[in-house]
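What follows is a short report on a single structure.
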Amino acid sequence: PTAQLTRKSFDMHEEIANRLGLDSYRRLKCKGVAIDGSGSKPAGAKLKDLEWTDLGVRGSRMMGDESTIAQVHPKQLVDAMWAYCESRGSRFRKGVIQSLLHDASEGGARTISGVIIDGQQVPADAVVLSMGPWGNVLQQAIPDCPMLGVKYHSVLMRTGRVLNECVFFSGLGDPEVYPRNDGNTYVTGLPDPPQPVEEIPGEVEVREEVIARLVDAMKQVSSEMETAEVPVKQSCYLPFTRDSVPCMGLAPGHTNAYVATGHGCWGILLSPASGLSMSELILDGESKCIDLSPFDPARF
């Protein structure tokens, strides 16, 4: 159901990068590599066309090239987009959204008059519920749409040169590796089971034993990673709905409450067309850039 959303967003990322001058945006290759965890160097034929994976390789296959694979640094993207919005009058307010304020229902549909942020009422003409795996407020609008979070740990490793090949490994916990053009290599994997999220945003626990497994896995697949620095250790939750399909559209039974959440591990990829389609829905009454029906919140 996300094919149209994916293609539109993929194309928009290049447009956004060019318009906002994002130097982290680039095209690159992606390989799938099977490993045995032995840490030994195999025959040269198995290493053919692999850029930096040289230990314990059993086989590999191409998953995508520069025509289908692109990359952007998530923080550079969101910072640049926010700076663009702020330059045109948008304002950011940090706080805890505690509840929605409803006007009296008319014709069976409720209208949101505002929200309560840190105990203060803030009026609103429309509300978009887009808070990732933290779904308590979302359930005030859609009780049957509980959000689940899948916790992933990740590290940044620095090898001393810029790598240009993403790798999805099969073995050693199936880590995913995304080299960046700033010399850092982003490594993630070893997800926890889906669960309701209780941890506070910005205070998500980083478990050292999981970090150690990720770093050790990299040392077992690449001699180049054996001496790499590890400047960043972190963890986060990916947001999922019950059916693992994004939830986007008008909240059932409401006139002006909208939902945009549940994009899982594809949040950055799918964000441009998600934002464009939701803005069209709110301002024009319908999405023109993509069909939102596969993501209708009314399915819950």
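The values are calculated or read from the model by the stated rules, or taken from the named source; none is laboratory data. What you are looking at is a predicted structure, and each value in this text was computed from that prediction instead of being measured. So basically every Cβ, Gly included, is an ideal-geometry build from the backbone, and we count neighbours across all protein chains shown. Each accessible area value is taken on the protein alone, full model and side chains, heavy atoms only, with ligands, DNA and RNA left out. Shrake-Rupley method; radii C 1.70, N 1.55, O 1.52, S 1.80 Å.
So in the chain, which Cys have no other cysteine's beta-carbon sitting under 4.7 angstrom from theirs? Within the chain, the cysteines lacking a partner Cβ under 4.7 Å are Cys85, Cys145, Cys236, Cys247, Cys265, Cys289. Around the Cα centre of the range 1-154, unit charges on the Cβ atoms of Lys, Arg, Asp and Glu (plus for the first two, minus for the last two) sum to a dipole of about 560 debye. Taking the chain as a Gaussian network, where each spring joins two C-alpha atoms under 10 Å apart, which residue of Ile211, Ile69, Ile200 fluctuates the most? For the chain, modelled as a Gaussian network with Cα springs under 10 Å, the answer is Ile200. Take the alpha carbon atoms of the range 70-149, find their center, do the same for the range 179-213, and report the distance between the two centers in whole angstrom. So the two Cα centres are separated by 25 Å. Heavy-atom accessible surface of Thr255, to the nearest 10 Å², is about 70 Å², with a 1.4 Å probe and all protein chains retained.
Spin-label model, Thr111 to Glu226: label points 7 Å out along the Cα-to-beta-carbon direction sit 7.0 nm apart. Per residue, the Cα convex hull of the chain amounts to 143 Å³. Averaging over all projection directions, the Cα-based convex hull of the range 70-160 occupies 10.0 nm² in the image plane.
Between Leu101 and Lys48, the simple label model (points 7 Å from Cα in the Cβ direction) yields a spacing of 6.9 nm. When the alpha-carbon atoms of the range 155-222 are used, the pair Rg, Dmax equals 13.5, 39 angstrom. Taking every pair of Cα atoms in the range 193-282, average 1/r, invert it to obtain the Kirkwood radius, and report Rg/Rh to two decimals. Value, to two decimals: 1.12. Calculated mean residue ellipticity at 222 nm for the chain: -7000 deg cm²/dmol, from DSSP H runs with n ≥ 4 weighted as -39500 (n - 2.57), summed, divided by the residue count and rounded to 500.
Extension gain for the segment Ala83 to Glu176, taken as residue separation times 0.36 nm less the Cα-Cα distance, is 30.4 nm to one decimal. Annotated for the range 1-143: lysine pairs at least 8 residues apart or interchain, Cα distance under 25 Å, count 12. Dipole magnitude for the chain: computed about the Cα centre from +1 point charges on Lys and Arg Cβ and -1 point charges on Asp and Glu Cβ, it is near 560 debye.
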